[in-house]
1. Would you mind counting up the charge near I153? Only other residues with Cβ under 15 Å from its Cβ, with Lys and Arg at +1 and Asp and Glu at -1.
2. Determine the dipole magnitude for the chain: charges of +1 sit on the beta-carbon of Lys and Arg, -1 on that of Asp and Glu, nothing else is charged, the reference point is the Cα centre, and the result goes in debye to the nearest 20.
3. Compute the angle between helix 417-437 and the longest alpha-carbon principal axis of the chain, please, reported from 0 to 90 degrees and rounded to the nearest 10.
4. With just the Cα atoms of the range 317-392, tell me how far they stretch along each of the three principal axes, in Å, largest first.
5. Among P81, H57, V112, which residue has its Cα furthest toward the positive end of the charge dipole of the range 43-130, with +1 on Lys/Arg Cβ and -1 on Asp/Glu Cβ?
6. Might you report the magnitude of the Cβ-based charge dipole of the range 18-161 about its Cα centre, with Lys and Arg at +1 and Asp and Glu at -1, to the nearest 20 debye?
7. Springs between alpha-carbon pairs under 10 angstrom, Gaussian network model over the chain: which of T360, T334, T150 fluctuates most?
8. Starting from the Kirkwood radius over alpha-carbon pairs of the range 1-136, derive D by Stokes-Einstein at 4 °C in a medium of 1.567 mPa s and give it in µm² s⁻¹.
Amino acid sequence: MEKSELFGRLVPGPLPAGLSGDPHVQQLPVIRRWGPLVWCLRCGQVTWWRGQLPRHHAYCPQCIQLGRVSTLASLYTIPEPNKFRPGGGQCTWRGRLSPAQASLAAKIKQAVERRQRVLVWAVTGAGKTEMLFPGLAAGLTAGWRVGIVTPRIDVCRELFPRLRAAFPAVTAILLTGDEPGPYRYTQLVVATTHQLLRFYRAFDLLVIDEVDAFPFITDKGLHYAAARAIKKNAAILLLTATPSARLLRIVRRHHFQVGVLPARYHGHPLPEPHLVRLGRWERLIYRRMLPTKIQATLAEWRGHFPVLIFVPRIRWLKPVLRAIQRQFPTWRGTSVYAADPRRQEKVTAMRKRQVQYLVTTTILERGVTFPGVQVVILGADDPVFTVAALVQIAGRVGRSPTAPTGTVLFGCARITPVVRAARRQICTLNRTARRMAR
């Protein structure tokens, strides 16, 4: 283990002999107990003491996926030294921002320089990443350590090459649960939000993308990890296209500034979903048949690929795929879900047009761009599809300036208040964008 691996990190012991006597190394307790309660200082969670280790020691079951920590162990860290070359964070991106993007980007940069907190509320496809570049450049040029995290692995994988291309002189690493290769100390860290559990007072600037997404929005341990991973005077940027009422309350309570962008960078409106009643579509699917309206829509899209077909549950992937294969035998497609071992391979094949459609769960609701894509949701009235999820799924369409339009179809057994609210939110954003453009 290199000494730099402890900079701003929480590393369980024991340490190698060469580091155990280093005066810069700080030792922190990891588990504290009050009677039957166990408090873990790594994930911040309090649990009942269920399991018993020898001599009445206890461990934390909440963050055991990162390696077991117990009352027998300690965590070790070295305070973040910011050993980066000042002036090396210039941005090489040469694209152009729209006037609305440029205005919000300037606000973000100013907030970063003043070490403030900002919620960036921008519609799907607004170009949030590019609007971050001036603020990121300011922090990286000043020698800050910068973290950019998101709940979804797919979003991390899409962000990382774009950031590497924009800041080629900056050392960077991608951290997810299944990335190969060892950890190394870098100025820019792109990671899933779970990786924040490994950091301690590390970041001068923390960007949390898709802050409203599962599991971050509901996980108190991840909120604790984010608060502990930043320095006391750090700048924080929260990015979202679909802020919940709860998130807006948190923002007001902690005095975040808010920047809003209701229009996409190419100027075209968000696709407004068509609501279609399908009746008992499940019975048809089990007979390897598609609902008549869905079949007619897919037939109209013949040649207009790619197509995403969303289903509410994993158990529907194979039946829906078989129904499409039966009724459109010449089309090339497959299914994908979160635990699919070939998930990345299938998404890549879709981008390369090697497959024409994917039947998917909500795993592809965010952070993926397929130019020219059309979208169908089967069972949009299922409780798994929240307002935010429906808006995000609709936002997969029309993201590219070369294909700024497309069709979104919400197929429902019944039109629920959630489905209506999602459509209403999209229509409201389009009206706001038109007013601002006048």
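Rule-based calculations on the coordinates, nothing more; no lab input. These figures come from a predicted structure and were not determined experimentally. Please note: Cβ atoms are built from the backbone with ideal geometry, for glycine as well, and neighbour counts cover all protein chains shown.
1. Working: positive: R152, R157, R342, R343, K346, R366; negative: D154, E158, D178, E179, D209, E210, D340, E345, E365.
Spelling it out: positives minus negatives among the neighbours equals -3.
2. Values: 65 positive and 23 negative charges, 188 e Å.
So the magnitude is around 900 debye.
3. So the inclination is approximately 80 degrees.
4. 34, 26, 25
5. V112
6. Working: 19 positive and 6 negative charges, 38 e Å.
It comes to approximately 180 debye.
7. It is T334.
8. Numbers: Rh = 19.0 Å.
Approximately 68 µm²/s, per Stokes-Einstein.
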